[in-house]
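The values are calculated or read from the model by the stated rules, or taken from the named source; none is laboratory data. Since the structure is predicted, the reported quantities are computational estimates derived from the model, not experimental observations. Note that we place each Cβ from the backbone using ideal geometry, even for glycine, and neighbour counts take in every protein chain shown. These accessible areas exclude ligands, DNA and RNA; they are computed on the full protein's heavy atoms, side chains included. Shrake-Rupley method; radii C 1.70, N 1.55, O 1.52, S 1.80 Å.
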Amino acid sequence: MHKYVIMGVQGCGKGTQARLLQEELDLAHISVGDILRQHIQNHTKIGARIKRLVAAGELVSDGLVQEVVRTRLEQHDWNYGFILDGFPRNRHQAEFYLEGYDCDAVLQIVVPDEVVLERILSRRLCSGCGLDYNLIHHRPSVADVCDVCGGGLVLRPDDNPEAIHSRLRDYHTQTEPTLELFRKKGLILQVDGTRRPAEVYAEVRRELGLV
Ligand code: AMP
């Protein structure tokens, strides 16, 4: 059983690394951003409450995301463990997590702001199945068309310069300080995220002792 948290500024590649770990270790990949986007796409009550905030790149209330995480973990479909992506994002959420759940390691993927800005602006999302693409590292075979479902590729509504700056600011002022809480518990494993995804993953495996 592995219980991991993956952290890093938006666009650092944590979603990609989380999916690789999910495949190798059969973990549940719990991306809070993906769950919130599904609510918006499915026009749920929660979706209506958070749509504007998510589009502006602002953080959704702690109470709401904590409820989303609690409900997701209560499904207990994670026999081999889970990797939590996009949560916690501030001190309150980190304390909520540490009070209620175990953690084996927190992977911190480190990438400078100027690199993530360039990456985020080249990011595309399939409007059909939600798969992530990146016009630098992971291009579709046919321009603007999803390889898996044939859906059109679009920019995420929150991948515009204003929303990106708002998310970078929140990361440095609210999320980064929470790393200290995990560091004190000896849980932080730092990985350089500027290289190609396969090289980053090789380091992730080394840090986690999977080799
Ligand atoms: P992400 O896909 O992780 O970039 O998340 C997309 C958006 O969902 C963020 O910009 C926030 O609006 C919201 N969100 C995701 N995770 C959290 C969280 N832990 N706390 C508050 N808001 C969140």
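Tabulated results
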{"quantity": "Number of positions in region 157-174 that are without any contact (Cβ under 8 Å) to a residue 60 or more places away in the chain and within 10 Å of the ligand (Cβ to nearest atom)", "calculated": "1"}
{"quantity": "Any hit, region 139-154, residues being under 19 Å from Gln22 (Cα atoms) and open to solvent by less than 70 Å² (accessible area, probe 1.4 Å)", "calculated": "no"}
{"quantity": "Filter result (more than 10 Å from the ligand (Cβ to nearest atom) and either open to solvent by 10 Å² or more (accessible area, probe 1.4 Å) or on the phi > 0 side of the Ramachandran plot (or both)) within region 68-93", "calculated": "Arg70, Thr71, Arg72, Glu74, Gln75, His76, Asp77, Trp78, Asn79, Tyr80, Gly81, Arg91"}
{"quantity": "Counted residues, region 111-134 - those being of a type in the set (A, V, I, L, M) and more than 12 Å from Asp159 (Cβ to Cβ)", "calculated": "3"}
{"quantity": "Members of region 16-41 that are under 17 Å from His138 (Cβ atoms), out of contact with any Asp or Glu (no Cβ under 6 Å at 6 or more places or on another chain) and either within 11 Å of the ligand (Cβ to nearest atom) or free of Cβ contacts under 8 Å to residues at least 60 places away in the same chain (or both)", "calculated": "Arg19, Glu23, His29, Asp34"}
{"quantity": "Extreme residue, modelled with the lowest pLDDT, among residues of region 171-197 that are within 29 Å of Ile136 (Cα to Cα) and open to solvent by 80 Å² or more (accessible area, probe 1.4 Å)", "calculated": "Arg196"}
{"quantity": "Pairs where the first residue, in region 72-101, is over 14 Å from Gln174 (Cβ atoms) and the second is of a type in the set (Asp, Glu), C-beta under 6 Å, 6+ apart", "calculated": "Tyr80/Asp26"}
{"quantity": "Pairs, first among the acidic types (Asp, Glu) in region 42-64, second open to solvent by 30 Å² or more (accessible area, probe 1.4 Å), C-beta under 6 Å, six or more apart", "calculated": "Asp62/His92"}
{"quantity": "Top-ranked residue of region 49-67 - restricted to ones that are within 7 Å of the ligand (Cβ to nearest atom) and outside any helix (DSSP H, G or I), ranked as farthest from Tyr97 (Cα to Cα)", "calculated": "Gly57"}
